[in-house]
């Protein structure tokens, strides 16, 4: 589909870049943004040549959260209509988190509400040091319900509860401390350097192994460590060892050459 609010590009090296493209609105969410992000994510899910997906925002902010006009419209919806509307956002975030590729959020400016949800749903996040974050929903009489599973997974229940109920603004250094982002850089050049660094890491890793590693975290976080879990983890590494990627990776290591996916 032709996009109005985002752009989707890919490099010859297999890096896909989704850019939120409403700079005049600080890349605020509305129904069209959610629909177009969903379409782009679904498209990338099927692209085996794509090794890493980058999410960034054009203009002064990564994303300032919900669009005011969209929120006004939702105020007149029935409860059922609101539920359907919110489900689309929740599903978009779920599909982003489930992408088989390494996903990277490169953020700057304002990262509010749903924008912070995008960051939490990505595998890796890099923020410029002057980025400002906030979960501001309670100030509007709302809750960050649809983004909450991803935020709780990223920063844990204790900090999630504190930031949800206080709507406190925090900077990139604090976001790094609590785990919402993993890296903080000083400049735009720093963002580009981190993009290149992470792309290099992605190019050296087997695509299927990346996907399966992401599923390990998704499936085993918070699960009791018992004998049944030991059996399940043993099954998964055994499947990897006999896979084409596993055999190629071991052969390449023993033969002191690059594996096929890194050439």
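Scanning for something part of a strand (DSSP E or B) and either touching a residue at least 24 places away in the same chain (Cβ under 8 Å) or surrounded by 14 or more Cβ atoms within 10 Å (Cβ to Cβ) (or both), does segment 62-74 turn up at least one residue?
Going residue by residue through segment 62-74, those that are part of a strand (DSSP E or B) are 63, 66.
Going one step further and asking which of them are either touching a residue at least 24 places away in the same chain (Cβ under 8 Å) or surrounded by 14 or more Cβ atoms within 10 Å (Cβ to Cβ) (or both), we end up with 63, 66.
Yes, that holds for at least one residue.
Going by what's in this entry, would residue 133 be described as at pLDDT 95 or above, surrounded by 16 or more Cβ atoms within 10 Å (Cβ to Cβ), touching a strand residue (DSSP E or B) at 6+ places or on another chain (Cβ under 9 Å) and over 24 Å from residue 92 (Cα atoms)? I'd like the intermediate steps shown before the answer.
Details: at pLDDT 95 or above: yes; surrounded by 16 or more Cβ atoms within 10 Å (Cβ to Cβ): yes; touching a strand residue (DSSP E or B) at 6+ places or on another chain (Cβ under 9 Å): yes; over 24 Å from residue 92 (Cα atoms): no.
Against the criterion (at pLDDT 95 or above, surrounded by 16 or more Cβ atoms within 10 Å (Cβ to Cβ), touching a strand residue (DSSP E or B) at 6+ places or on another chain (Cβ under 9 Å) and over 24 Å from residue 92 (Cα atoms)), residue 133 does not qualify.
Can you tell me which residue among 163, 198 is buried (at least 16 other Cβ atoms within 10 Å of the Cβ), touching a strand residue (DSSP E or B) at 6+ places or on another chain (Cβ under 6 Å) and in a helix (DSSP H, G or I)? Spell out the reasoning first.
Numbers: 163 fails: touching a strand residue (DSSP E or B) at 6+ places or on another chain (Cβ under 6 Å).
Going through 163, 198 in turn, the sole match is 198.
When you look at residue 234, is it surrounded by 12 or more Cβ atoms within 10 Å (Cβ to Cβ) and at pLDDT 95 or above, yes or no?
Values: surrounded by 12 or more Cβ atoms within 10 Å (Cβ to Cβ): no; at pLDDT 95 or above: yes.
No.
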For this session: State whether one or more residues within segment 39-51 are within 16 Å of residue 106 (Cα to Cα), at pLDDT 95 or above and buried (at least 18 other Cβ atoms within 10 Å of the Cβ).
Result: no
Problem set entry | Looking only at segment 1-59, and only at residues there that are over 18 Å from the mean Cα position of the chain (by Cα) and touching a residue at least 60 places away in the same chain (Cβ under 8 Å), the one that is farthest from residue 147 (Cα to Cα) | 13
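Sort through 181, 217 and tell me the only one that's under 26 Å from residue 152 (Cβ atoms), assigned by TED's automatic domain parsing to the domain that holds residue 154 and either touching a helix residue (DSSP H, G or I) at 6+ places or on another chain (Cβ under 7 Å) or part of a helix (DSSP H, G or I) (or both).
Working: 217 fails: assigned by TED's automatic domain parsing to the domain that holds residue 154.
Matching residue, one of 181, 217: 181.
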Exercise. Looking at residue 117, is it modelled with pLDDT of 95 or more and in a loop (DSSP other than H, G, I, E, B)?
Worked result: no
Exercise. Taking the stated definitions as given, is residue 104 more than 21 Å from residue 203 (Cβ to Cβ) and touching a strand residue (DSSP E or B) at 6+ places or on another chain (Cβ under 9 Å)?
Worked result: no
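The values are calculated or read from the model by the stated rules, or taken from the named source; none is laboratory data. Note that the coordinates shown come from a computational prediction; the quantities given were computed from them, not determined experimentally. A quick note on method: Cβ atoms are made from the backbone with ideal geometry, for glycine too, and the neighbour counts reach across all protein chains shown.
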